[in-house]
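Before any comments, here is the structure.
The values are calculated or read from the model by the stated rules, or taken from the named source; none is laboratory data. The model shown is predicted, which means the values in this text are computed figures rather than measured ones. Backbone-built Cβ (ideal geometry, glycine too); neighbour counts: all protein chains shown. Heads up: the accessible areas ignore ligands, DNA and RNA and are worked out on the full protein's heavy atoms, side chains in. Shrake-Rupley method; radii C 1.70, N 1.55, O 1.52, S 1.80 Å.
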Amino acid sequence: MPNSDRDFQLAPLERWLTGPRFKGLPAPSRERPPVLSFEFFPPRTEALEAQLWAAIRRLEPLAPSFVSVTYGAGGSTQSRTHETVARLVRETTLVPAAHLTCVGAACGAVDDVARQYWQEGVRHIVALRGDPPDGGAFEAHADGYDSAADLVAGLKRVADFEISVAAYPEVHPMAANPQADLDNLKRKLDAGASRAITQVFFEAEVFLRFLDRCLAAGITAPVVPGIMPVSNFASARRFAQSCGATIPAWLDAMFAGSDEQPELRRMVGAVVAAEQVRLLQANGVDEFHFYTLNRPDLTYAIAHILGVRPKPRAEG
């Protein structure tokens with residue numbers, strides 16, 4: 001690649017031939033389609049509920065390994081999360097995973113929710129410490145679970161749930177330091193979680209370096225990259241700042257000038273996310289969790305690029 005004024009003084013063909021050659025990513029046809037899972041959030045209004053179920057029906061034919069339903073800060077959407085998960089069990093072919101936190105609740109109350117999920121056929125929980133609704137520092141309930149690791153252990157005592165937990169490639173904003181954050185992740189997995197799903201990140205190298213650190217710390221469970229396709233860059237920037245994720249300069253440049261062009265933003269978002277996943281695939285990663293934001297078309301398009309297609313319906 002040209003890297004000086006002298007390079008640009010060469011004739012075009014000569015200049016184009018002076019840089020290193022890159023073979024690029026493997027052709028999609030040579031890669032096995034990845035395993036995908038999707039995250040949805042429960043609706044607050046009837047209109048948003050219709051949007052949620054349109055998203056679920058749009059992505060259901062892709063046969064994800066599971067779909068998760070989030071839980072608001074402080075358990076603020078507990079009933080809506082429960083209703084959505086129960087309906088997923090009753091009315092779809094999807095495997096639902098319910099988010100569950102330990103903010104503001106006694107152990108017995110959390111355990112009761114878990115038992116109800118088990119009775120309704122839910123076998124997968126995404127166990128999170130959770131954030132207080134006021135955005136302040138976490139304080140455990142007097143009779144509650146002290147941490148996500150304690151929550152995982154408690155859920156395993158209730159029933160043999162499959163449990164996913166959160167991981168932070170760029171460190172949890174409230175962690176004392178990167179090593180403390182990694183130690184906390186290992187405690188959650190050692191307590192009985194079967195996988196970790198990462199917070200959003202935008203550089204493949206950030207995730208790959210994190211995997212190196214996980215393995216060095218003795219973590220062998222899958223650490224699944226969480227991918228957020230971006231269609232609203234301003235919102236993505238705010239979210240990244242809240243969770244400690246870095247917005248690289250190149251991503252800022254990709255979306256520059258697109259504020260009033262939603263279709264352009266969707267095109268850029270699809271390209272960026274698909275390239276991110278394909279680069280991780282080329283490095284051996286074969287499972288991804290998509291934060292859909294209840295907007296399915298962008299996720300569906302990226303899945304198509306990755307070779308994930310609707311499964312044919314079984315004839316009855």
Next item on the list: Mind putting a number on the dipole of the chain about its Cα centre? Charges go on the C-beta only, +1 for Lys and Arg and -1 for Asp and Glu, and I need it in Debye to the nearest 20.
Entry: 840 debye
Check: Which angle between 0 and 90 degrees, to the nearest 10, do you get for helix 107-119 versus the longest principal axis of the chain when only C-alpha atoms count?
Finding: 80 degrees
Note to self: Using +1 at the C-beta of Lys and Arg and -1 at the C-beta of Asp and Glu, which of 119, 105, 172 has the Cα lying farthest in the positive direction of the dipole of region 74-221?
What the structure shows: 119
Next item on the list: May I ask you to compute the full-extension gain from residue 208 to residue 16, defined as 0.36 nm times their residue separation minus their alpha-carbon distance, rounded to one decimal in nm?
Entry: 66.0 nm
Checklist line | For region 67-223: rounded, prolate or oblate by the Cα gyration tensor [a/c cutoff 1.5] | finding: prolate
Checklist line | Most mobile of 108, 269, 226 in a GNM of the chain (Cα contacts under 10 Å) | finding: 108
Checklist line | Surface share of carbon and sulfur [accessible, 1.4 angstrom probe, percent] for the chain | finding: 52 percent
Note to self: On a full-extension model of 0.36 nm per residue, what is the gain between residue 295 and residue 92, subtracting their alpha-carbon distance, rounded to one decimal in nm?
What the structure shows: 71.3 nm
Notebook entry, point to check: To the nearest 10 degrees, how steeply does helix 262-282 sit against the main Cα axis of the chain, on a 0 to 90 scale?
Noted result: 90 degrees
Notebook entry, point to check: How many Å² of accessible area per residue for the chain, probe 1.4 Å?
Noted result: 52 Å²
Next item on the list: Per DSSP H run of at least 4 residues, take -39500 (n - 2.57); add these up for the chain, divide by its residues and hand me the 222 nm value, nearest 500 deg cm²/dmol.
Entry: -13500 deg cm²/dmol
Notebook entry, point to check: Between residue 190 and residue 250, what FRET efficiency follows from the Cβ-Cβ distance if R0 is 30 Å, with the result rounded to 0.05?
Noted result: 0.20
Notebook entry, point to check: Say each of residue 309 and residue 46 gets a label point 7 Å from the Cα, pointing the same way as Cα to Cβ; how far apart are those two points in nm?
Noted result: 4.0 nm
Next item on the list: Could you rank 228, 267, 254 by how accessible they are, 1.4 Å probe, largest area first?
Entry: 267, 254, 228
Next item on the list: Could you state how much accessible area residue 107 has, in square angstrom rounded to the nearest 10, with a 1.4 Å probe and all protein chains kept in place?
Entry: 40 Å²
Check: Rounded if a/c is under 1.5, else prolate if a/b is larger than b/c, else oblate: which is the chain, with a ≥ b ≥ c the root eigenvalues of its Cα gyration tensor?
Finding: prolate
Next item on the list: Let me know the shape class of region 181-316, please: from the alpha-carbon gyration tensor, a ≥ b ≥ c as square roots of the eigenvalues, rounded when a/c is under 1.5, otherwise prolate if a/b is greater than b/c, or oblate.
Entry: oblate
Next item on the list: Mind giving me the nanometre distance, one decimal, between the label points for residue 116 and residue 235, set 7 Å out from Cα along Cα→Cβ?
Entry: 2.9 nm
Item checked: Pair residue 174, residue 264: separation of 7 Å Cα→Cβ label points (nm) -> 4.0 nm
Note to self: Once each part is reduced to its C-alpha centroid, what is the distance from region 268-310 to region 36-64 in angstrom?
What the structure shows: 17 Å
Next item on the list: Treating the angle as unsigned and between 0 and 90°, give the value, to the nearest 10°, between the Cα long axis of helix 178-190 and the longest Cα principal axis of the chain.
Entry: 50 degrees
